[in-house]
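K.L.:
Please read through the structure below; I'll follow up with questions.
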Amino acid sequence: ADVAMYAAKSNASSVSLYDNSHDAHNPRRLAMITELGAAIRSEQLVLHFQPRFQLQEGRWCSTEALVRWQHPRLGFIPPGEFVQFAETSELIRPLTLWVARQAARQLAEWQHAGLEISTSINLSTRNLLDITLPDALAELVQEFGLRPGSLELEITETALMTDPDRAMQVVARLAELGMRMSIDDFGTGYSSLAYLKRLPLHSLKIDRSFVRDMLQDDQDAIIVRSTIGLAHSLGLQVVAEGVEDLSTLNRLREFGCDEAQGYILSKPQPAERACLIMQTPPDIPPSGALQRD
Ligand code: C2E
Ligand code: MG
Ligand code: MG
Ligand code: MG
């Protein structure tokens, strides 16, 4: 039963928006493949930022930079549709460096304005095999004068396992350069706990598929609670992804979860709106209070 549940969750989190997305003749897909390179160069991409909240201290602590494509004909395209095309081509390095540059620039602005936050960007599998990427990212940190460790990198278990030796080298270099790393979508990929122990990680982000139903599904609650325990005993911080209601937020706080991210706190927003949100603490009642939502 555990194995079946695990498989169902993995599928749910990687489900494609398109039935025909693998059809090479799909015109939308073709347009994306042929135009993505130019889109990266011509500023058709935008970053949205999703604020992250420190549950125990009750303050905003970070944001995740999430890329979107504002296509002139096709409109707004979410990353789930086009990042895959970058990943399977040489475009993933320019895409990631574009995202990193915009995120670093924005973070520098926020830090100058007095916000005590960090920002994370997502790395893809290919990025973790690119041995020259860490130094390119470190140059951006320098160029924008960011506080050490305030540019965080989200990596996935599956990306680490693709070529573990090479990925380990890249991760080691990133850590040496002072960057913090977290495991994204934790629990949905293929990884071994032995790896967690050996990697210089800062945090685990528990996948939304476990957080979503944890108040209804005892097994999900057990997974979330034991992941928090495991992470803490390995000296890692824990972030819960996809928190959509107050009761879940409060249960996470009771479980000792460090941080939360999700629609109940804020959706991903353009930078100015994210900044406005982070200038005031969210209206979250203390966990002891009676709640209905
Ligand atoms: P992710 O890194 O796990 O990012 C979290 C995703 O969950 C985001 O979707 C976010 O909008 C969504 N989300 C956050 N809170 C909630 C919630 O409470 N409820 C629900 N239903 N969803 C929530 P988004 O922006 O569509 O990004 C999807 C994925 O695309 C990301 O998953 C990440 O894997 C990838 N991605 C996004 N930006 C980049 C990027 O710059 N580079 C790379 N390589 N991948 C990216
Ligand atoms: Mg992420
Ligand atoms: Mg995630
Ligand atoms: Mg996810």
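The values are calculated or read from the model by the stated rules, or taken from the named source; none is laboratory data. Fair warning: this is a prediction, and the values are worked out from it, not measured in the lab. Virtual Cβ from ideal backbone geometry, glycine too; neighbours counted across all protein chains shown.
K.L.:
Could you go through region 243-250 and let me know if any residue there is within 20 Å of the chain's Cα centre (by Cα) and farther than 19 Å from R59 by Cα.
P.N.:
no
K.L.:
Further, regarding this structure: Considering only residues that are more than 16 Å from ligand 3 (Cβ to nearest atom) and more than 23 Å from S233 (Cβ to Cβ), which ones fall in region 166-211?
P.N.:
R166, A167, Q169, V170, R173, L174, E176, L177, G178, M179
K.L.:
Right, another one. Scan region 148-185 for residues that are among the small types (G, A, S), crowded, with 16+ Cβ neighbours inside 10 Å, away from ligand 1 (no atom under 12 Å from the Cβ) and not in a helix (DSSP H, G or I) and jot them down. Before you say what the answer is, go through the steps one by one.
P.N.:
Applying the first criterion (among the small types (G, A, S)) to region 148-185 yields 149-150, 159, 167, 172, 175, 178, 182.
Of the ones still in play, those that are also crowded, with 16+ Cβ neighbours inside 10 Å are 150, 159, 167, 175, 182.
If we keep only those that are away from ligand 1 (no atom under 12 Å from the Cβ) too, we end up with 150, 167, 175.
Scanning region 148-185 gives a single hit, S150.
K.L.:
Within region 158-192, take every residue that is within 18 Å of E64 (Cβ to Cβ) and out of contact with any helix residue (DSSP H, G or I) (no Cβ under 8 Å at 6 or more places or on another chain) and give me the one that is nearest to ligand 2 (Cβ to nearest atom).
P.N.:
Ranking the qualifying residues of region 158-192, first place goes to D184.
K.L.:
Restricting to region 217-247, give me the number of residues that are in contact with a strand residue (DSSP E or B) (Cβ under 7 Å, 6 or more places away or on another chain) and within 16 Å of ligand 1 (Cβ to nearest atom).
P.N.:
Of the residues in region 217-247, 7 are in contact with a strand residue (DSSP E or B) (Cβ under 7 Å, 6 or more places away or on another chain) and within 16 Å of ligand 1 (Cβ to nearest atom).
K.L.:
Only one of A113, A104, A108 is away from ligand 2 (no atom under 15 Å from the Cβ) and surrounded by fewer than 18 Cβ atoms within 10 Å (Cβ to Cβ). Can you tell me which?
P.N.:
Values: A104 fails: surrounded by fewer than 18 Cβ atoms within 10 Å (Cβ to Cβ); A108 fails: surrounded by fewer than 18 Cβ atoms within 10 Å (Cβ to Cβ).
The unique qualifying residue is A113.
K.L.:
For a quick check of your reading of the model, give me the residue pairs whose first member lies in region 227-250 and is at negative phi and modelled with pLDDT of 95 or more, whose second is among the small types (G, A, S) and assigned to a helix (DSSP H, G or I), with beta-carbon atoms closer than 8 Å and at least 6 apart or on different chains.
P.N.:
Q237/A231; V238/A231
K.L.:
Only one of (1) modelled with pLDDT of 95 or more; (2) buried (at least 17 other Cβ atoms within 10 Å of the Cβ) fails for L199. Which number is that?
P.N.:
Result: L199 passes all but (1).
K.L.:
When you scan region 266-284, do you find a residue that is in contact with a Ser or Thr (Cβ under 8 Å, 6 or more places away or on another chain), within 16 Å of ligand 4 (Cβ to nearest atom) and under 28 Å from V46 (Cβ atoms), even just one?
P.N.:
Narrowing region 266-284 to residues in contact with a Ser or Thr (Cβ under 8 Å, 6 or more places away or on another chain): 274, 277-278, 282.
Then keep just the ones that are within 16 Å of ligand 4 (Cβ to nearest atom); that gives none.
Within region 266-284, none of the residues are in contact with a Ser or Thr (Cβ under 8 Å, 6 or more places away or on another chain), within 16 Å of ligand 4 (Cβ to nearest atom) and under 28 Å from V46 (Cβ atoms).
K.L.:
Would region 3-20 turn up any residue that is modelled with pLDDT of 90 or more and in contact with a helix residue (DSSP H, G or I) (Cβ under 7 Å, 6 or more places away or on another chain)? Even if it seems obvious, please write down each step before you answer.
P.N.:
Filtering region 3-20 down to residues modelled with pLDDT of 90 or more leaves none.
Within region 3-20 (the criterion being modelled with pLDDT of 90 or more and in contact with a helix residue (DSSP H, G or I) (Cβ under 7 Å, 6 or more places away or on another chain)), the answer is no, since none of the residues qualifies.
K.L.:
Further question: Inside region 238-256, can you point out the residues that are away from ligand 3 (no atom under 15 Å from the Cβ) and either crowded, with 18+ Cβ neighbours inside 10 Å or assigned to a helix (DSSP H, G or I) (or both)?
P.N.:
Filtering region 238-256 down to residues away from ligand 3 (no atom under 15 Å from the Cβ) leaves 245-256.
Result: L246, S247, T248, L249, N250, R251, L252, R253, E254, F255.
K.L.:
Right, next: Suppose we filter region 165-212 for residues that are within 15 Å of ligand 4 (Cβ to nearest atom) and free of Cβ contacts under 8 Å to residues at least 12 places away in the same chain; how many remain?
P.N.:
Number satisfying all stated conditions: 0.
K.L.:
Can you name every residue in region 50-101 that is touching a residue at least 60 places away in the same chain (Cβ under 8 Å), within 15 Å of ligand 2 (Cβ to nearest atom) and among the basic types (K, R)?
P.N.:
Answer for region 50-101, where residues must be touching a residue at least 60 places away in the same chain (Cβ under 8 Å), within 15 Å of ligand 2 (Cβ to nearest atom) and among the basic types (K, R): just R52.
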